[in-house]
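Working notes, beginning with the structure itself.
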Amino acid sequence: MELRLDQLSVDLGGRRVVEQLDLDVTAGEVVGLVGPNGSGKSTALRCVYRALRPSAGVVRLDGEVLDSLSLRETARRTSALTQDGGADVDFTVAELVALGRTPHQRGPVRLSAAERELCERAMAQTDVLHLAGRGVLSLSGGERQRVLLARALVQEPQLLVLDEPTNHLDLRHQVRLLSHLRATGLTILVVLHDLNLAAAACDRLALMSAGRLVAVGTPADVLTAERIAEVYGVEVQLTRHPLTGDPQVLFALDRSQPKEIR
Amino acid sequence: MTTFYRPLAARLPALRDGVLLPSALAAALVVSGLLAIGLGSAVIDPADTARYLWAAVSGGTISADEVSRYQIVWQIRTPRVLLAAVVGAGLAAVGATVQALVRNPLADPYILGISSGASVGAVTVTLFGALAVLGIHAVSVGAFAGAMGATVLVYAAARTRSGITPLRLVLTGVALAFGFQAVMSVLIYFAPGSDATSTVLFWTMGTFGAATWGSVPVAAAVVLVGLVVLRRAAGTLDVLALGDEAAASMGVDATRSRRWLFLLTAVVTGAMAAVSGTIGFVGLVVPHVTRLLVGATHTRVLTTAPLLGAVLAVWVDLLARTAVPPRELPLGVLTALVGVPLFVGLMRRRHAFGGA
């Protein structure tokens with residue numbers, strides 16, 4: 001599955017939040033969308049999973065314009081981990097994961113034996129199988145995030161769109177989740193805040209600032225000290241990971257400030 | 001909304017298969033109905049009740065000295081008990097749906113201004129003698145029209161270009177309900193007789209006492225169609241509970257779904273209000289009790305809640321007309337008296353809505 005954002009612009013509340021964004025994600029590629037808060041990353045993503053209609057420009061899946069497909073058709077090919085953060089009511093984990101089959105069925109979800117197995121596999125992959133009978137409202141933030149990812153996986157997408165999937169996750173589960181995402185072989189567009197994780201997990205990075213695409217390319221190309229200083233306003237040192245060679249961003253806190261707040 | 005349920009179903013897997021509890025409730029409904037038809041100021045034993053009902057349905061014969069008892073059973077109590085069951089079921093299902101639609105556990109079928117709209121419609125018809133051509137149905141039609149008018153107004157006022165958010169819907173409904181109440185107060189204040197006052201009392205307290213074979217079938221048909229359609233929309237309601245963004249990513253257009261479900265619940269609630277007034281508490285509490293019993297999945301909720309609501313309404317109505325004869329207690333008073341302790345008890349036992 002190939003994703004293309006073509007001159008995408010989005011106005012929200014009379015303000016241009018995304019400005020003429022061009023971005024390609026080729027089949028099987030993992031592309032990370034990075035940038036400061038409010039730079040338009042999530043907004044661009046929302047256009048891909050169709051929670052939002054672009055004001056101008058189009059999103060294409062394998063060349064087809066999204067607007068020409070029904071929501072259900074899109075949902076059979078694309079699934080998303082959104083920032084909605086779970087459920088209003090206390091579904092069990094197994095019930096919530098099963099809802100991922102919705103776009104493949106008519107009416108309320110009734111699982112076949114194969115689909116039941118698919119759900120269990122997804123829960124095992126995201127390490128939530130032992131929680132299957134638990135109510136989702138009693139889960140920790142990290143557990144809930146993994147449950148939602150399992151739900152996105154049972155949708156059997158070709159393209160997976162994730163909005164800060166490592167939110168609330170501990171180190172072990174951050175690493176596990178990103179390695180697992182890579183192992184799925186799906187086409188992936190993911191918003192990440194941790195630049196080091198992004199550099200380790202993504203084939204390419206797209207750096208956004210104030211609604212515009214500032215740079216796109218391999219992590220080593222995109223993450224330079226000058227660019228990070230310019231976009232984030234933070235002085236950083238760059239080094240390479242001793243094993244993988246991925247760029248790693250190091251920063252030092254300004255310790256000259258007095259510790260007491262008056 | 002953080003509805004913190006630990007359903008009984010988690011401990012009793014038998015509740016979760018979705019057959020046992022509904023079957024038991026359906027049986028309880030039939031038995032309750034027969035008992036309720038038999039009980040009252042004239043007590044008729046269940047065997048005779050069943051025989052009269054059979055005679056009425058099959059066109060059989062009864063002896064001459066049984067005619068008055070037959071009349072009580074067939075012309076007075078049967079429509080009343082049927083209406084109670086139908087409205088109880090409808091309120092429970094609509095309540096569960098509306099709570100999911102507006103994502104608020106405090107929502108009930110009337111939250112969107114429907115009850116006060118119906119009252120305004122009914123009072124207007126009573127006072128001004130409008131719709132006189134419709135005869136005895138004028139007030140019901142007026143109430144239904146008022147309910148629909150209120151719904152359209154609330155929806156139009158709440159919507160924005162980017163669709164309709166649950167919170168706006170609730171706030172608009174609550175605000176406009178105050179407006180309708182004000183209109184009603186003015187109408188009553190300046191009304192000459194006491195007709196308007198008693199109409200208002202009827203509509204705000206609710207009763208099944210006005211049930212006749214003329215009105216019950218229409219309301220029943222609307223409610224039953226509503227129940228079937230809502231039950232089929234259970235999957236959509238499940239997805240809506242995950243949030244509008246997630247819903248879109250799963251192929252469900254939240255705005256569009258909310259619009260037609262909102263309209264459907266309004267029509268069903270309006271039809272119920274037109275024949276029975278507004279009966280508080282059933283539509284709020286029965287959905288919660290149901291979720292405590294069977295879990296949150298709407299397929300199960302929308303199967304069990306209507307049955308539970310129907311049984312509850314039949315018994316509450318029986319209590320209302322037999323507790324302090326010859327007077328009838330207002331239904332709203334009883335639903336609250338029965339429902340509040342039941343709900344608080346269940347909530348405390350099951351640690352629902354947060355807390356350990």
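Classify the range A:198-262 as rounded, prolate or oblate, taking a ≥ b ≥ c as the square roots of the eigenvalues of its Cα gyration tensor: rounded when a/c is under 1.5, otherwise prolate if a/b is larger than b/c and oblate if not. Cα axes put the range A:198-262 in the oblate bin.
As a rough footprinting exposure proxy, the listed residues B:250, B:148, B:272 were ranked by other beta carbons within 10 Å of their own, and the order from fewest upward is B:148, B:250, B:272.
Sorted ascending by nearby beta carbons within 10 Å, beginning with the fewest, B:281, B:343 become B:343, B:281. Checking the a/c ratio against 1.5 first, then a/b against b/c, what shape does the Cα gyration tensor give for the range A:3-250? Oblate, because a/c is 1.5 or more while a/b does not exceed b/c. Remark: chain B carries a charge dipole of roughly 940 debye about the Cα centre, counting +1 on each Lys and Arg Cβ and -1 on each Asp and Glu Cβ. Using the rule -39500 (n - 2.57) for each DSSP H run of four or more residues, divided by the residues of chain B, the 222 nm mean residue ellipticity is -23000 deg cm²/dmol. Out of the DSSP beta bridges found with both residues in the range A:3-250, what percent are antiparallel (nearest 5)? Around 60 percent antiparallel, to the nearest 5. Most fluctuating residue of A:211, A:233, A:35 in a GNM of chain A with Cα springs under 10 Å: which is it? For chain A, modelled as a Gaussian network with Cα springs under 10 Å, the answer is A:233. Look at the Cα gyration tensor of chain B: its axes a ≥ b ≥ c give a/c of at least 1.5 with a/b at or below b/c, and that counts as oblate. For chain A, the 222 nm mean residue ellipticity estimated from helices alone, with every DSSP H stretch of n ≥ 4 adding -39500 (n - 2.57) and the total spread over all residues, rounds to -8500 deg cm²/dmol. Averaged over the residues of peptide A:71-84, the number of Cβ atoms from other protein chains lying within 10 Å of each residue's Cβ is 4. Among B:145, B:89, B:313, the largest mean-square fluctuation in a Gaussian network model of chain B, built with springs joining Cα atoms closer than 10 Å, belongs to B:145. Which residue fluctuates most in the GNM of chain A (Cα springs below 10 Å): A:213, A:162, A:131? Of A:213, A:162, A:131, the Gaussian network model singles out A:131 as fluctuating most.
Taking every DSSP bridge with both residues inside the protein assembly as shown, close to 60 percent are antiparallel.
Computed packing ranks the peptides A:21-28, A:245-252, A:89-96 as A:89-96, A:21-28, A:245-252, most packed first, by mean other Cβ atoms within 10 Å. As a rough footprinting exposure proxy, the listed residues A:187, A:78 were ranked by other beta carbons within 10 Å of their own, and the order from fewest upward is A:187, A:78.
About the centre of its Cα atoms, the protein assembly as shown shows a dipole size close to 900 debye [charges on the beta carbon of Lys, Arg (+1) and Asp, Glu (-1) only; nearest 20 debye].
Only the coordinates and a few stated rules stand behind these numbers; no lab work does. This is a predicted model, so every value here is computed, not measured. Cβ coordinates were reconstructed from backbone atoms using ideal geometry, including for glycine residues, and neighbour counts include every protein chain displayed.
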